[in-house]
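Worksheet for the structure shown next.
Quick note: the coordinates plus some simple rules give every number you see, no bench work behind them. Because the structure is a prediction, the values reported are computed rather than measured. Glycine gets a Cβ as well: all are built from the backbone with ideal geometry, and neighbour counts include every protein chain shown.
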Amino acid sequence: MRIVLDTNVLVSATFWSGDSLRIMELVADKKVKLIICLSIISECMKIINSDEILYKKTQKKLSDKKIVRAVIQETSVIMVPTKKLSIVKEDPDDNKIIGCALSGKADYIITKDNHLLKIKNYKGIKIVTPKEFLKTILIRELDNLTKKSKLTKQDVIKFGKKVKKAATKKFLKNEN
């Protein structure tokens, strides 16, 4: 599966835990392939080094998660968009994300940008939030698990709930 991450997802994964970071971990584990363009890298670096982010890093004592830089340097495929697009009229800067996805034959664009999200699908490329993408991955893994075993999806879901309940109980017991 080939994905393009919008700058907002890359920046989020750089400083905060959550869905964006989980996606970067999937890339690092080679479960999905990250397609990126120099213009996206450039914008990301510009934002990460902006006064606003530097201020937040200082005030909130944020640390730079090295995974983003490592993934971009070591496991991503860097593309050069082949044509200039004019799909996103409200924010023409977002066109580079679609151009990168087209050039890299991506399956997904993962973003938090409403201009892109309202497009939903462009020439077969699904445009989704990080949370929606992770749900897709989870469903795919669940399908693979049920194909490899005699379990039904309901069996796997029930088992997952039991594990979660037991883990929560153990966590709460250790808290006291």
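Once you reduce region 33-55 and region 89-124 to the center of their Cα atoms, the two points are 17 Å from each other. Using the Cβ-Cβ distance between Asp51 and Ile139 with R0 = 35 Å, the FRET efficiency computed as 1/(1 + (r/R0)^6) comes to roughly 0.30.
Of Lys57/Lys84; Lys57/Lys131; Lys30/Lys126; Lys118/Lys161; Lys46/Lys84; Lys57/Lys123, which ones are farther than 30 Å apart at the Cα? Kindly include the intermediate steps, with their values, before the conclusion.
Details: Lys57/Lys84 35 Å; Lys57/Lys131 25 Å; Lys30/Lys126 20 Å; Lys118/Lys161 33 Å; Lys46/Lys84 22 Å; Lys57/Lys123 38 Å.
Exceeds cut-off: Lys57/Lys84; Lys118/Lys161; Lys57/Lys123.
The aspartates and glutamates whose alpha-carbon is closer than 14 Å to the alpha-carbon of Lys112, local same-chain residues fewer than 8 away aside, are Asp6, Asp19, Asp91, Asp94, Glu132.
Residues within the reach of a label modelled at Ile78 (point 7 angstrom out along Cα to beta-carbon, backbone nitrogen below 16 Å), restricted to region 20-48, are 34-46.
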